Structures are given as structure tokens and as C-alpha cells.
1. Would any residue of the range 8-38 have its amide N under 20 Å from a label point 7 Å out along Cα→Cβ of residue 62? List them or say none.
2. Work out how much length residue 82 to residue 32 would gain on full extension: take 0.36 nm times their residue separation and subtract the Cα-Cα distance, in nm to one decimal.
3. Taking only DSSP H segments of four or more residues, each worth -39500 (n - 2.57), what value at 222 nm results for the chain once the sum is divided by all its residues, to the nearest 500 deg cm²/dmol?
4. Place the peptides 102-113, 121-132 in order of packing, highest mean first, counting for every residue the other Cβ atoms within 10 Å and averaging per peptide.
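Every read-out reported here was derived from the displayed coordinates using simple, explicitly stated rules and does not represent laboratory data. From a predicted model like this one, the values you see are computed outputs, not experimental measurements. Methodologically, a virtual Cβ is constructed for each residue, glycine included, from the backbone with ideal geometry; neighbour enumeration extends over all protein chains shown.
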Amino acid sequence: MIFLDANFLMSLFIKTEKHHDIATKIYEKIKDQRLIISNSIILEVMTVLNIKIKVSPRKLKEIYINLNSDLFEIFEDLELYDDAMERQISYHPQRLPFFDCLYIELMEQLGIEKIVTFDKHFDNKKIKVIRNY
């Protein structure tokens, strides 16, 4: 099982993103494995694409459909919010985003040891970070 971070997915789906080429290569290598996302990944991706990256409504809908397709297994993470909050506090004084703490918590509870991300927050967290192939 491999967890896919939001920045990887945005890079995969948006050709103008900085890491698009490497994201495409990584996806080609891992696409036959169990690829895991959570409902919060979908929330994060859709929000950033709409507000920060400002993709077109058509592209926004296309990505939403892809995220909810059978390309990925989607796990509900709502019940992990309290655990993620405790994890966020435990990392203090290091400041980790709540989303990242939530994803680490989900990975730990599901026994997922690998994440595809371009985010440095996952370094040194007992997770194998995949950034290139």
C-alpha cells in the first residue's frame, strides 16, 4: 500500500505544476499497487486547485471525478481527527500542518509505510518517502 499526498496528486493532474513530469513517472511505476487516499486528501486537493492554483471549472470537475474513481482506495479519516490533533501537539515545537498529521495517523493505523509526496514534512517520521524513481 502506498499513500498519495495532495501535492503529488496535484502535480500528477496539472501539467503546469513544477513536479508534473516526475509525478507522472512515479505514477507509471506504482499504478498497479494499492494506492490509498483519504477523504481529506480530496478536500485538500479540490480546495488548493480552486483557490490557489485557480484551475478551470472543467478541470476541477475532471480531477474530482478522477479522485473518486477506482484509481485509488479512499479511506474515511474523520474519526482520526482527535488523534491527529494529539499528534500535531506532540510534534511541537516543530509545526506540522494538521492535514499532514492526519495523514501520518491514517498511515500508522492502516500499516502503510510509504507515501508519495514532494512535501518535506514527512521526512524523519518513520515513513518511506517516495519523491522520485
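1. What the label zone holds, given the 20 Å backbone N cut-off, is 8-28.
2. Here the answer is 14.7 nm.
3. Estimated from H runs of four or more residues: -14000 deg cm²/dmol.
4. By packing density, highest mean first, the sequence is 102-113, 121-132.
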